[in-house]
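Right, one structure below, let's go through it.
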Amino acid sequence: MGLVDRKTDIHRSIVLANGRAVSDAALAEALRPIAAQIGRDADRIDGDPTALVALDAISVADYLDRHAALLPQPWVRRLLEATGRTEYGAEPDATSALSLIFNLPTVDGERADVLGGSDERYMIDGGSGALIDVLATRYAAYIETGRPLRRIEPATGGVRLVFADAAAVRSDSVIVAVPAPVTRRIDFAIPLPAAWRDFIGAMELGRNEKILVAATDSRWQEAIGAGGDVWQTGGVGRGNWASGWDGSVRGAGGPPVWTWYLGGDAVADPATARALAARYAAETGDVLGDMVAACGDAPVRRTAWHRDPWIGGAYGSSPPGYLTRFGRMLWMEGEDGVAIASAPALGRVIFAGEHLSDASPGYMNGGAQTGRLAAQAILGRAVPIVSA
């Protein structure tokens, strides 16, 4: 499968403050003090475990309150809060301050990167769904649908898997790779370490969703390019979008698509997808061109991942204290691709998923990585990493 580099051509991030675009120089100047502080804290926790625990114990809201003097304008704080909503799907008071370290806004001269620690540079040619299509075709003989797993029981030399249709299968080992909330619907009738039971009870996915709008043309590319984005700092509470970007699927044909991205309480807005898309387009004014005209009568879709019973949310979310308490449950690997740390007491039942990745939580990379490491744990040997 091919990858598309979204950042090859000229692109730009635009921040909207009070309905107007902040200049690159003004953005860099406004972010410089708080970015420097976050950078210092990042260096500090690298060599001081107690500093990491202390930072994880407070929320993003607490951290920004503590360093309010480094936030020259109200919109700077709202911008940093927006990054927590997009990356973790939670409000600032429900997200660990460590998220600011992971996102780490960077400033270089008169250029600022809002999400310096998060790089979504590549996308799959044909869209992410193309990966599912390829896997489903290649492994069709091994895939069964319509049989949710309900219970895992002990069996001689392995485990017994009981499905919703009452069918049962014996297996030497099993890899449970389902979204965090779905894990709680499985009855683990086996000796499972207390740490795992605590983790399963606590792990959550963030509340995010995309509002996808087909457009008449890609007029926004004149302002931000194909790989840029726009950030909204103009409001708080329900219905406020956090960011937007070109969501067109390269190689799939069809009209260009614009993505509005929501996180936290905003996903609870009861308005229709079309009403929200129209409101958001109007809020951008002429910054991206006339988005109202470009998307006025176009098809609109609201993903509503948090309402999907087979997902239950978006990406992994980390409330204050979560990583300190459960960080040892995450998969870690060395440069040679071999696991150097994994969840305690791995036995017949092994867990995988993006929410269990130390390096890439929230990304497809994390799902692939933890699946590979889980397979290695069963096989007793390294599984080669095959690059795209």
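A residue that is among the aliphatic types (A, V, I, L, M), out of contact with any helix residue (DSSP H, G or I) (no Cβ under 7 Å at 6 or more places or on another chain), without any contact (Cβ under 8 Å) to a residue 12 or more places away in the chain and in a loop (DSSP other than H, G, I, E, B) cannot be found anywhere in segment 141-153. Please indicate, with yes or no, whether at least one residue in segment 178-188 is in a loop (DSSP other than H, G, I, E, B) and of a type in the set (S, T, N, Q). For segment 178-188, residues in a loop (DSSP other than H, G, I, E, B) and of a type in the set (S, T, N, Q): absent.
Scanning segment 1-33 for residues that are touching a strand residue (DSSP E or B) at 6+ places or on another chain (Cβ under 7 Å) and in a loop (DSSP other than H, G, I, E, B) yields MET1, ARG6, VAL22.
This table checks each residue for (1) surrounded by 21 or more Cβ atoms within 10 Å (Cβ to Cβ); (2) in contact (Cβ under 8 Å) with a residue 12 or more places away in the chain; (3) not polar (S, T, N, Q).
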| site | (1), (2), (3) |
| --- | --- |
| VAL15 | yes, yes, yes |
| VAL22 | yes, yes, yes |
| ALA28 | no, yes, yes |
| GLY47 | no, no, yes |
| GLY84 | yes, yes, yes |
| GLU87 | yes, yes, yes |
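Sort through ALA112, ALA136 and tell me the only one that's of a type outside the set (S, T, N, Q) and closer than 26 Å to SER318 by Cβ. Answer to the selection: ALA112.
Does TRP241 count as in a strand (DSSP E or B), modelled with pLDDT of 90 or more, of a type in the set (Phe, Trp, Tyr) and surrounded by 15 or more Cβ atoms within 10 Å (Cβ to Cβ)? When the stated conditions are applied, TRP241 does not pass them. Every condition in (1) in a helix (DSSP H, G or I); (2) of a type outside the set (Asp, Glu); (3) surrounded by 20 or more Cβ atoms within 10 Å (Cβ to Cβ); (4) out of contact with any Ser or Thr (no Cβ under 8 Å at 6 or more places or on another chain) holds for ALA294 except the one numbered (4). For GLY347, indicate whether it is assigned to a loop (DSSP other than H, G, I, E, B) and at negative phi. Answer is yes for this residue.
Right, ALA180: of a type outside the set (Ser, Thr, Tyr) and surrounded by 13 or more Cβ atoms within 10 Å (Cβ to Cβ) or not?
Yes; evaluated as a whole, the condition is true for this residue.
Screening ALA136 on (1) over 26 Å from the mean Cα position of the chain (by Cα); (2) exposed (fewer than 12 other Cβ atoms within 10 Å of the Cβ) shows it passes everything except condition (1). Among the conditions (1) under 26 Å from LEU373 (Cα atoms); (2) modelled with pLDDT of 80 or more; (3) in a loop (DSSP other than H, G, I, E, B), ARG328 misses just one, which is (3).
Quick grid of which residues meet (1) within 30 Å of ALA42 (Cβ to Cβ); (2) aromatic (Phe, Trp, Tyr); (3) modelled with pLDDT of 90 or more:
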site	(1), (2), (3)
SER96	yes, no, yes
VAL107	yes, no, no
LEU149	no, no, yes
ILE152	no, no, yes
ALA194	no, no, no
ARG197	no, no, yes
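Do the conditions hold for VAL230, that is, is it in a strand (DSSP E or B), farther than 30 Å from ALA168 by Cβ and not charged (D, E, K, R)? When the stated conditions are applied, VAL230 passes them. Filtering TRP305, TRP258, TRP331 for residues that are over 26 Å from LEU98 (Cα atoms), in contact with an Asp or Glu (Cβ under 8 Å, 6 or more places away or on another chain) and surrounded by 15 or more Cβ atoms within 10 Å (Cβ to Cβ) leaves a single hit, TRP258. Selection over segment 98-126 of residues that are more than 17 Å from GLY39 (Cβ to Cβ) and surrounded by 18 or more Cβ atoms within 10 Å (Cβ to Cβ) gives a count of 3.
When residues in segment 239-284 are screened for being touching a Gly at 6+ places or on another chain (Cβ under 6 Å) and polar (S, T, N, Q), 1 of them pass.
Taking the criterion of being touching a residue at least 40 places away in the same chain (Cβ under 8 Å), closer than 15 Å to LEU55 by Cβ and not hydrophobic (A, V, I, L, M, F, W, C), the residues of segment 89-122 that qualify are THR95, SER96, SER99.
Is it the case that PHE102 is at negative phi and within 22 Å of the chain's Cα centre (by Cα)?
For PHE102, the condition - at negative phi and within 22 Å of the chain's Cα centre (by Cα) - is met.
Out of GLY367, GLY371, GLY362, one residue alone is modelled with pLDDT under 85, surrounded by 16 or more Cβ atoms within 10 Å (Cβ to Cβ), touching a strand residue (DSSP E or B) at 6+ places or on another chain (Cβ under 9 Å) and not in a strand (DSSP E or B). It is GLY362. Residues in segment 30-45 that are in contact with a Pro (Cβ under 8 Å, 6 or more places away or on another chain) and more than 14 Å from ALA97 (Cβ to Cβ) were compared, and the one that is surrounded by the fewest Cβ atoms within 10 Å (Cβ to Cβ) is PRO33.
The values are calculated or read from the model by the stated rules, or taken from the named source; none is laboratory data. Predicted model only: the values in this text are computed from it and were never measured. Positions of Cβ are generated from backbone atoms using ideal geometry, with glycine treated the same way; all protein chains shown enter the neighbour counts.
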